[in-house]
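Here is the structure we will look at, set down as structure tokens.
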């Protein structure tokens, strides 16, 4: 009974969320019979009818379609919006769907037993049940017809999100729709600066960068973006009034305007799930239809998972990476997720990372379309220099200036270790740690 009540509340939440976000009515692949409650079936049937006619869906328009008694009464219908929860929509959808499948399975097995079905017929029926939630055209005939005139006219290029790094764009053709890219490195290697560069570049190119910063708070991330765009030392950003030069103060408004042009969105909630990321991204995409989205997440290993079976971290990370890949396909946009590398890389003589260095790798190598590993020589020189300060004569002194040119640039290696649809290899860019700037080697900063 309690379990039935829980499903009743979840169904109310689904209907309430769809009343608030009408586009979900046709996007969610629900049918009226998937609801346990007859009242909810009637409500959803009316909602679908209105949505198919491209009419607004609210409790007033629903009451014009059906008798109030069939909807539980006008007050019940009006109260549904109080149960709306877009962040939990996907989770509730899956649970309601599983409950429907279980009910249908029990009906199927009853009919199979009374009708003395063969095992083969039972298996076919169960397979149809599993794939019956979405009507998919699996024939390739229409696809072939669409290709008929390809040799006779220029092909329309599907825009990928550029990186403005020539060699990397040549290798990846930019970040592509439906692809999951993992950018991995050791702590302080420059992952967040790389993400900021990709996000800003995408925004300036006319795309919609949506950043989920699970580790760094919103203010700090914005300060980093401003410092990079304005070519300002990040230490000066701690107190611009005190440390900025007169020229920097004069350029301040211009710098803020340039950052705003990228139209970046930042969600800095800690410990959120992929479902919450999906819900927030969906909302942002919905309210910014003029731009094609690209989603950034910092970082993979601290995304919260509801799946805690056995407390197996590797299993949970694998589950999360699979969900991220599904999200990229669902939104038909690129998803770029940062990730940590194992400490073991530092014990090797050659410290350039490998895919096997991904922490709690699980299915990351399998799910990702592109894996980029970050490496810079000066990182390990900095570690040795810090250790030298701590332990004195026990560790040989290292001059980190050997890795940095007169302008403050140092080489940062982007190792494309996996590229499902293209070549692999290394790309070296300029990295200025003091400001977070990244640029092509052909560009002087």
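Please treat every number below as a calculation from the coordinates, not as lab data. Just so it is clear, the model here is predicted, and its values are computed rather than measured. Positions of Cβ are generated from backbone atoms using ideal geometry, with glycine treated the same way; all protein chains shown enter the neighbour counts.
In region 148-219, one over the average inverse separation of all distinct C-alpha pairs is 14.5 Å, which is the Kirkwood hydrodynamic radius. Remark: the residue 58-residue 144 segment gains 26.8 nm on full extension, using 0.36 nm per residue and subtracting the alpha carbon distance. Considering only 301, 123, 48, the Gaussian network model of the chain with Cα springs below 10 Å gives its largest mean-square fluctuation to 123.
In terms of the mean number of neighbouring beta-carbon atoms within 10 Å, the peptides 176-188, 28-40, 246-258 order highest first as 176-188, 28-40, 246-258.
Helix 313-331 and the longest principal axis of the C-alpha atoms of the chain enclose an angle of approximately 70°.
Compared with the dominant principal axis of the Cα atoms in the chain, helix 252-261 is inclined by about 40°.
Per-residue counts of other Cβ atoms within 10 Å, averaged by peptide: what ranking do you get for 368-375, 342-349, highest first?
368-375, 342-349
Our compactness index for region 199-239, the C-alpha radius of gyration over the empirical 2.2 N^0.38 Å, is 1.26. Value of Rg to Rh for region 248-383, rounded to two decimals, is 1.04; Kirkwood radius and Rg both from alpha-carbon coordinates. Separation of region 31-47 and region 51-99 by C-alpha centroid, Å? Value for the Cα centre distance between the two parts: 9 Å.
Using R0 = 25 Å, the C-beta based FRET efficiency linking residue 114 and residue 9 works out to 0.15. Quick one: Kirkwood hydrodynamic radius for region 134-269, alpha-carbon pairs, angstrom, one decimal? Kirkwood hydrodynamic radius for region 134-269: 18.1 Å. Calculated translational diffusion coefficient of the chain (4 °C, 1.567 mPa s; Stokes-Einstein with Kirkwood radius over alpha-carbon pairs) equals 51 µm²/s. Helical runs assigned H by DSSP (4 residues or longer) give the chain a calculated mean residue ellipticity at 222 nm of -13500 deg cm²/dmol, each run adding -39500 (n - 2.57) before division by the residue total.
Gyration tensor analysis over the Cα atoms of region 225-310 returns equivalent ellipsoid semi-axes of 34, 19, 8 Å (largest first, whole Å). Label sites at residue 79 and residue 260, each approximated as a point 7 angstrom past Cα along Cα to Cβ, lie 4.5 nm apart. With Cα atoms as the point set, region 2-130 shows a radius of gyration and Dmax of 16.4, 50 Å.
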